[in-house]
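What follows is one structure encoded as structure tokens, with my remarks underneath.
Read the figures in this text as sums done on the coordinates, not as results from a lab. Since we're looking at a predicted model, the values are computed, not measured.
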């Protein structure tokens, strides 16, 4: 359904807030689990670990809010909801080397043409790409500091979230973006891939 023009702003229901809290907790835990398989000194610094956790959570929340903001700017009803399968798979990812980080998605109701759906879908990955680039650009001045690895991991997780969500299949954002504009999908996918590889290279993860 379309919303009145005067109501086209960010709105949250109690149910949505509860789902966002659960989704954020799961994604953050799965993100932190990436650190378990590394020899990073991040666990030797509580501030660095806290910063990494905040960056993981921020990447997820801002991704979902970007979808919500764009959809609502078009006058559509949009709220985040977790789903059972996504919650289970993301929870398993916390203790598994194979990561599936998608506990839910922003549900949209109302008429939206392919252009609006494509713009709404691409908004989330673009936010993660911007965050990853911003964090990577700060690394040179953070060399030899305790928070270097926290910021590098934050960049890696955000780049990975963008790449993962741009998979052009099933419920992922990539399917809607690909159907809307294949060129835009290809550019964002390649950028997310390169950022992920670069961040992982800096961390010595491959």
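What does the extension gain come out to for residue 183 and residue 143, with contour length at 0.36 nm per residue minus their alpha carbon separation?
10.8 nm
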Problem set entry | Using alpha-carbon coordinates, inclination of helix 182-203 to the longest axis of the chain, degrees | 20
For this session: Enter the angle in degrees (range 0 to 90, nearest 10) between the Cα long axis of helix 14-33 and the first principal axis of the Cα atoms of the chain, meaning the one along which they spread out most.
Result: 30
Exercise. On a 0 to 90 degree scale, rounded to 10, what angle separates helix 84-95 from the longest Cα axis of the chain?
Worked result: 10
Seminar exercise, completed: GNM on the chain, Cα springs under 10 Å; top mean-square fluctuation among 120, 145, 90 goes to 145
Seminar exercise, completed: Of 80, 164, 172, the most mobile residue in a GNM of the chain (C-alpha springs, cutoff 10 Å) is 172
Seminar exercise, completed: Per the rule of 0.36 nm per residue minus the C-alpha distance, extending residue 202 to residue 100 adds in nm 34.5 nm
Exercise. Pick from 13, 33, 93: which is most flexible by mean-square fluctuation in a GNM of the chain where alpha carbon atoms under 10 Å apart are linked?
Worked result: 13
Seminar exercise, completed: Percent relative contact order for the chain, counting Cα pairs under 8 Å at least six residues apart, stands at 23
